[in-house]
1. Here's a check for you: in the stretch 441-455, which residue that is buried (at least 22 other Cβ atoms within 10 Å of the Cβ) and free of Cβ contacts under 8 Å to residues at least 60 places away in the same chain is nearest to residue 374 (Cα to Cα)?
2. Among (1) at pLDDT 95 or above; (2) at positive phi, which single condition is residue 147 missing?
3. Taking the stretch 262-285, which residues are under 29 Å from residue 339 (Cα atoms) and either loosely packed, with under 15 Cβ neighbours inside 10 Å or without any contact (Cβ under 8 Å) to a residue 40 or more places away in the chain (or both)?
4. Quick check: anything in the stretch 455-477 farther than 22 Å from residue 145 by Cβ and either out of contact with any strand residue (DSSP E or B) (no Cβ under 8 Å at 6 or more places or on another chain) or assigned by TED's automatic domain parsing to the domain that holds residue 156 (or both)?
5. Scanning the stretch 213-226 for residues that are within 23 Å of residue 299 (Cα to Cα) and in contact (Cβ under 8 Å) with a residue 60 or more places away in the chain, which turns out farthest from the chain's Cα centre (by Cα)?
6. Going by the structure shown, is residue 239 farther than 16 Å from residue 328 by Cα and modelled with pLDDT under 95?
7. If you check residue 463 against the conditions, is it assigned to a loop (DSSP other than H, G, I, E, B) and in contact (Cβ under 8 Å) with a residue 24 or more places away in the chain?
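The values are calculated or read from the model by the stated rules, or taken from the named source; none is laboratory data. Fair warning: this is a prediction, and the values are worked out from it, not measured in the lab. Neighbour counts run over all protein chains shown; Cβ positions are idealised from the backbone, glycine included.
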């Protein structure tokens, strides 16, 4: 065996690069068709060493210092502004919000600049906020918002301004963990969903507000001699989401479709607080428990021959504002028409929904090949919006366009070729339904901006998703856009 010589390796490397360089000079620039949809491309020599992509300036985004300061009176966003005091106090009169954190970067958009699209929500903030029952914002989205991202900041700011406490709706088995809630459960639970396609094990369409539910027993024929089964759910709250989120005083359990009564025990901070049973049948039942502690933690123990469909729980305080996060990984947002209309309407009525935020599009984009498909998706989403508006006529709708999404082109990451057409299709869906629109793509910096976000460490290296810091910056700008228009609304009513 010959001795290894570094010179041989060097010569081999030089010759290999020389051959590859020669191929790059003679290989067709547009590639070689291999038949069907297959194509062979080879990077040019200059593309290996030079980037033709212009860097997008996101300095305004990076200047937003989105640290949340938590104290007993308010949760404040600190921005790098010129000598402005970094504090926010709750607004007792619910008039104009005097928040030093406001720093508008990208405003909400409206058809013909008609800002009445958000009036139902703004009216609720001024006239219904002192009620003993909170108003709710249903924030639906894909994996960009899972784990309570973006929603958590909106909740913190709005509850600091308008009151309220608690996270709002949480699923029995979450798709992704939340920063503020540690949820655990017995190993006999299973999730049934419709938000990425209807679960074939389910014969009905009662999937609830989260477009999914959980059971501790599968669907099966039962009789009086059927075995008794047990299960448990546990929620431990911490203060990572702020003092307001951790200050809920009641837990509302939403359930339905049980064949037999189910015994339930509710433990508050380890102590048994209540024993009862859940009703048989019905697609919309509520069982409420009192919670206390700083912060509260609770456990539910179930015992029965059958499992109800557990749609989820709402952790609330009283009045004020709740922002419910429905992060639906893999969803395109076109499932609302598939859920039982009456049941979803019952959820919206009980929870006093005054604003729907719809943040979809990213999961549809990979399958979209041309502008016509973009327009078709916009029409599908438009039909969902019309259903929600018919269901809750006194609620507003805010559509958030997709974030920049990069695909690799030779050696560089560039914006998906259909993204701008999809963004425009969603804008038109919002305008056609008298809804507001937030252009997240433009907010980020527009074409090829995701590359700058990744390089700045505020987006993941999949060039699709925000990091937690990036999600916070989007939430910061979205909050500023909403409150800016709320303040204009208040001025028109004075």
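1. Looking at the filtered set, the residue picked out is 441.
2. Going through the list (1) at pLDDT 95 or above; (2) at positive phi, residue 147 breaks only (1).
3. Pass one, the stretch 262-285, residues under 29 Å from residue 339 (Cα atoms): 262-264, 277-285.
Of everything in the stretch 262-285, those that are under 29 Å from residue 339 (Cα atoms) and either loosely packed, with under 15 Cβ neighbours inside 10 Å or without any contact (Cβ under 8 Å) to a residue 40 or more places away in the chain (or both) turn out to be 263, 264, 277, 278, 279, 280, 281, 282, 285.
4. Start the filter on the stretch 455-477 by keeping residues that are farther than 22 Å from residue 145 by Cβ, which leaves 455.
Restricting the remaining residues to those that are either out of contact with any strand residue (DSSP E or B) (no Cβ under 8 Å at 6 or more places or on another chain) or assigned by TED's automatic domain parsing to the domain that holds residue 156 (or both) gives 455.
Yes.
5. Residues of the stretch 213-226 within 23 Å of residue 299 (Cα to Cα): 213-218.
Applying the additional criterion that residues be in contact (Cβ under 8 Å) with a residue 60 or more places away in the chain yields 213-217.
Values: 213: 18, 214: 20, 215: 24, 216: 26, 217: 29 Å.
Out of the qualifying residues, it is 217.
6. Values: farther than 16 Å from residue 328 by Cα: yes; modelled with pLDDT under 95: yes.
It is true that residue 239 is farther than 16 Å from residue 328 by Cα and modelled with pLDDT under 95.
7. Working: assigned to a loop (DSSP other than H, G, I, E, B): yes; in contact (Cβ under 8 Å) with a residue 24 or more places away in the chain: yes.
Taking the combined requirement at face value, the residue satisfies it.
Residues are listed down the side, and each one gets a yes or a no for (1) touching a helix residue (DSSP H, G or I) at 6+ places or on another chain (Cβ under 7 Å); (2) under 23 Å from residue 471 (Cβ atoms):
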{"residue": "171", "(1), (2)": "no, yes"}
{"residue": "175", "(1), (2)": "yes, yes"}
{"residue": "198", "(1), (2)": "yes, no"}
{"residue": "204", "(1), (2)": "no, no"}
{"residue": "208", "(1), (2)": "yes, no"}
{"residue": "212", "(1), (2)": "no, yes"}
{"residue": "223", "(1), (2)": "no, no"}
